[in-house]
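Novice: Sharing a structure, written as structure tokens. Questions coming.
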Amino acid sequence: MRTISGLVGFLAAFAAQNGCGFALEVTRSIDIEAPPAAVWALIGDFCAIEKWHPLVKRCTISNSRDDDEGKPVAIRHLVAAGGLGTIVEVQTMRDEKAMSYSYAFVEGPLPVSAYNATISVKPNGAKTTVVWTATFDAAGMTDAEAKADIEDVYKQGLASIAKDTSR
């Protein structure tokens, strides 16, 4: 057993030193004093992020791609606040009944690659829990810096959702 754990440690160190790191993960959640349907009404539309996230000035949707079944795929173009540029993301999954959707980063000024995220609304007694999770690789900065950037984006977004649903 000692040999296996030593080998795993060696491989992890080797991968980190040679740019073959494992995907990073960020998960943030917030409990909100509102019914799930009200929270989903605020955030459920793929382009609604422009209404609740302070770092997004504008969102436009295009359906220029088709999935494997020939159905259009939603692509959102987010104009970031502060003149940071445009972020392009594609919706990869949507489940109205479960109140969740997933999306992937295509291009833009984020310090990530291979970014895939899910945002979901879950009943939690008399409250609602919003969970936002992602896996990604750092790009152009350290793992710790990229992770901190995504955590900050999620923190600001979730705080804004809580504020907007408490009105």
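The values are calculated or read from the model by the stated rules, or taken from the named source; none is laboratory data. Here the structure is a predicted model, which means the values were calculated and not measured. Cβ atoms come from the backbone with ideal geometry, glycine included; neighbour counts cover every protein chain shown. Just the protein is used for accessible areas: all its heavy atoms, side chains included, with ligands, DNA and RNA removed. Shrake-Rupley method; radii C 1.70, N 1.55, O 1.52, S 1.80 Å.
Novice: Answer yes or no: is there a residue in region 38-52 that is modelled with pLDDT of 95 or more and part of a strand (DSSP E or B).
Specialist: No.
Novice: Taking G85, is it modelled with pLDDT of 80 or more and either open to solvent by less than 60 Å² (accessible area, probe 1.4 Å) or in contact with a helix residue (DSSP H, G or I) (Cβ under 7 Å, 6 or more places away or on another chain) (or both)?
Specialist: The answer is yes for G85.
Novice: From A48, A74, which residue is out of contact with any Gly (no Cβ under 9 Å at 6 or more places or on another chain), buried (at least 19 other Cβ atoms within 10 Å of the Cβ) and of a type in the set (G, A, S)?
Specialist: None of the others qualify; the one that does is A74.
Novice: What is the residue count in region 56-82 for residues that are of a type outside the set (A, V, I, L, M), closer than 21 Å to L158 by Cα and modelled with pLDDT under 95?
Specialist: Result for region 56-82: 1.
Every residue, every condition in (1) open to solvent by 70 Å² or more (accessible area, probe 1.4 Å); (2) within 20 Å of W40 (Cα to Cα), yes or no:
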site	(1), (2)
S62	no, no
D95	no, yes
L110	no, no
W132	no, yes
F136	no, no
D143	yes, no
K155	yes, yes
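Novice: Of the residues in region 34-76, how many are out of contact with any helix residue (DSSP H, G or I) (no Cβ under 8 Å at 6 or more places or on another chain) and charged (D, E, K, R)?
Specialist: Looking only at region 34-76, we keep the residues that are out of contact with any helix residue (DSSP H, G or I) (no Cβ under 8 Å at 6 or more places or on another chain), and these are 35-37, 40-41, 44-47, 50, 60-75.
Keeping just the survivors that are charged (D, E, K, R) gives 45, 50, 65-69, 71.
Number of matching residues: 8.
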